[in-house]
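Have a look at the structure below, then the notes.
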Amino acid sequence: MNNDRKPDWYKELKGGPMKQPQDEEELIYKIKQSIYQSRKEGSPKIRRPFRIKTFTVAAVLVFTAVLFNFQQFWLGKNEPPVQSSTQIEVKMKDESNQDQSLKQFMDELNQYTSLKNKNDLYRVLDEEFVFKGEQYSKNEWKFDDDIFHDLQVALVMGGEFVNDTKTLYKIPSGLAESNQLKQERYLYATVVGEETKILTQPKPDSRVLYRVSNETVKAWIPEKVNNDGYIKITTMNGYTGYVKEDHVSIDIQHSFIFEKQNDGMWKIKSIDSIW
């Protein structure tokens, strides 16, 4: 998956009006103004790689939620119908407050990742942990920059318990909307490239549903990791289909599961690919 390129307006908003969104109406106006200007000037250019800092991640989520909820501002007459934005509530699930020891553990992880303190991260790895389906001893495995980055981002994106005894906790949980019949989750991403094909099925010979150029979309989190090379996405104006992984730019690639030990301490039990 491509996580190196974003359209100009996306990066500029992350570094500008979303730092301190004091006034919601002014924020929405700036978002609309920025997108209108970028479309007026032509397709966005592709920029060099960048990383999200922890203190901006939550702001990015708010920005993208506002952007999608006000999508009708830009809809054309021939676009598919979209439910009124005033009726849709975007939710980020976060159950960490249900266990204070978990909350403390996640706060400590946030400090470790900010400082890139590998020794402390190794200390909180389970002795026998799982990475992408393979079991490792923590002494034979190394943290790289991508894992540091993804853990740092995931810690502020919400999470949920994944067993009845609440001893396993997974991050990130992703976003959900109030109008969804089932609790499907998604993260925001960008489809990069000019006239990128959105297909009806995750197959190269399937019908082209729509085309987009450097557009922010919802990337749906699968129930289990897919290896077919495609990601299910929904565009700003309501088209849902599949895009090849290398055309999807997203700020996080991995999910993490924490496990509560018999002594009440938490450990990182597994790391897996989201997609």
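Every number here is computed from the coordinates shown, using simple stated rules; none is lab data. Keep in mind the model is a prediction, meaning the values are calculated, not measured. Virtual Cβ from ideal backbone geometry, glycine too; neighbours counted across all protein chains shown.
List of remarks:
- Take the Cβ atoms of GLU108 and ASP205, set R0 to 51 Å, and the FRET efficiency comes out at 0.55.
- Stretching LYS132 away from LYS91 to a fully extended chain increases their span by 12.0 nm, per 0.36 nm per residue minus the current alpha-carbon distance.
- Rough spin-label spacing in nm, given labels placed 7 Å along Cα→Cβ, for ASP120 and ASP228: 4.2 nm
- Stretchable slack from TRP141 to LEU168, in nm (0.36 nm times residue separation minus alpha-carbon distance): 7.5 nm
- Shown for ASP263, ASP246: other C-beta atoms within 10 Å of each C-beta, ranked fewest to most, produce the order ASP263, ASP246.
- Pairs exceeding 19 Å between alpha-carbon atoms, taken from LYS93/LYS170; LYS170/LYS224; LYS91/LYS166; LYS170/LYS269: LYS91/LYS166.
- The fewest-to-most ranking of ARG123, ARG211 by surrounding Cβ atoms within 10 Å reads ARG123, ARG211.
- Overall form of region 108-248 per C-alpha gyration tensor (a/c, 1.5; a/b vs b/c): prolate
- In sequence order, region 107-118 has phi-based couplings of 4, 5, 4, 4, 5, 4, 6, 4, 8, 6, 8, 5 Hz under the Karplus curve 6.51 cos²θ - 1.76 cosθ + 1.60, θ = phi - 60°, and Gly or Pro positions carry x.
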